[in-house]
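J.: Mind looking over this structure? Questions follow.
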Amino acid sequence: MISALSGFALIGIIVLAGWATGRWGRLPENAEATLGRLVYSVLTPCLLFTGVAGADLRALLSEPLLVSTTAALLCFGLHALLIRRRDRGARIVGALAAGYTNANYIGIPVATYVLGDAALVVPIVMLQLLIVTPVALALLESATAGHASVRSAVTMPLRNPLIIAVGSGALLAATGLRLPALLADPVATVGAAAVPVVLLAFGMSLSRRPVLEPGTDRVATVAAVALKTTGMPALAFLLALALGLPRDAAFAVTVLAALPTAQNIFLYAQRFDAGLLLARDAVFLSTVLCVPVLLVITVLFTL
């Protein structure tokens, strides 16, 4: 568990660097938004393409993933039901914050050092990249673009760089094709910059406005954080019991469900200008709170 905390420390240091840059770096007012657009349009598509292209799609068929998926969908739905009187974009972002897991940057070290197998988190990463992300982006674009024609709705996925990246990567994974190293290596290198730059932009946003400041949607934020840090692992545990999963598998799905909200939600909120402060605060608070939650889960399963 102590080794797993290195993932949190790494995130904290990069976010702190972004906070200091935003506070004293004398950057232009639009620096944060510019970074967000760069990540959304270039860096993250490269990261998603590389990850999905090298994945084994058969990992999507497993009982533990069924538990993780059901727990996430329940949290999405519960938040949407609890927080009704908001604009559609903010409700979508809030629902995502309640159930979209940081399965990559936090999930991998936690799976490695707490569960003893980094591969346990791979199906969740794939599910979120291949299914949840495209659906969420399509909903956000529809919610923030206003009324759209049928043609616009049909072609929407073809105009989104993240969906294009996921779809292209899935095609390569399904067919077994691989890009030549001359192309794959530059794409992978550019993609590797996505997470650090997102964290820097996230830290910069914290320097401008404090967490849960007056005027923010505190109810929606607290609901999202509560569902993500306690509701989702509780649901995963109960579902694991209902399906009769072995103790080790139940422990794994419960721990992975307790992972914090992914920074991608902040990126999506920034790109579509919907629920931005909600996403930022939910990511920050769930990341801080998930550490004691993970410790409690680990202790309870060792009793």
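None of the figures in this text is laboratory data; all of them are computed from the coordinates on show. From a predicted model like this one, the values you see are computed outputs, not experimental measurements. For neighbour counting, all protein chains shown are included, and Cβ atoms are generated from backbone atoms with ideal geometry for every residue, glycine included.
J.: Does the range 16-129 come out rounded, prolate or oblate, given a ≥ b ≥ c as the square roots of the eigenvalues of its C-alpha gyration tensor, rounded meaning a/c under 1.5 and, failing that, prolate meaning a/b above b/c?
T.: Details: a/c = 1.98, a/b = 1.30, b/c = 1.53.
Verdict is oblate for the range 16-129.
J.: If you keep only loop residues by DSSP, which trypsin sites (Lys or Arg not before Pro) in the range 21-77 have at most 15 other Cβ atoms within 10 Å of their Cβ?
T.: Numbers: sites: 23, 26, 37, 58; in loops: 26.
Sites meeting the loop and neighbour criteria: 26.
J.: Oh, and also: Summing -39500 (n - 2.57) over the DSSP H runs of n ≥ 4 in the chain and dividing by its residue number, what mean residue ellipticity at 222 nm do you reach, to the nearest 500 deg cm²/dmol? All intermediate terms of the calculation are to be shown ahead of the outcome.
T.: Numbers: 17 runs with 212 residues, N = 303.
Rounded to the nearest 500, the figure is -22000 deg cm²/dmol.
J.: Kindly state, to the nearest 0.05, the FRET efficiency for residue 60 paired with residue 23, given R0 = 41 Å and r defined as their beta-carbon distance.
T.: Working: r = 43 Å, r/R0 = 1.04.
Efficiency computed from Cβ-Cβ geometry: 0.45.
J.: Of the candidates 41, 62, 207, which one comes out as most mobile in a Gaussian network treatment of the chain with C-alpha springs shorter than 10 Å?
T.: Greatest mean-square fluctuation among the candidates belongs to 62.
J.: Using the Kyte-Doolittle scale, which helices in the chain average at least 0.0 and also have C-alpha atoms spread 18 Å or more along the helix axis, with helices defined as whole DSSP H runs? Please list the in-between numbers first.
T.: Values: long enough: 5-24 (28 Å, 1.40); 63-82 (28 Å, 1.53); 161-175 (21 Å, 1.86); 194-208 (22 Å, 1.61); 276-302 (39 Å, 2.20).
TM-like helix candidates: 5-24, 63-82, 161-175, 194-208, 276-302.
J.: Something else: For the range 5-302, what is the relative contact order in percent, using Cα pairs closer than 8 Å and at least 6 residues apart in sequence?
T.: Working: 407 pairs, mean separation 103.1, N = 298.
Relative contact order for the range 5-302 comes out at 35 percent.
J.: Just how far, in whole angstrom, is the range 41-85 from the range 214-281 if you go by their alpha carbon centroids?
T.: Rounded to whole Å, the Cα centres lie 12 Å apart.
J.: Next question, about the same structure. Which value, in debye to the nearest 20, describes the size of the charge dipole of the chain about its Cα centre when Lys and Arg Cβ atoms bear +1, Asp and Glu Cβ atoms bear -1, and nothing else is charged?
T.: Values: 19 positive and 13 negative charges, 129 e Å.
It works out to roughly 620 debye.
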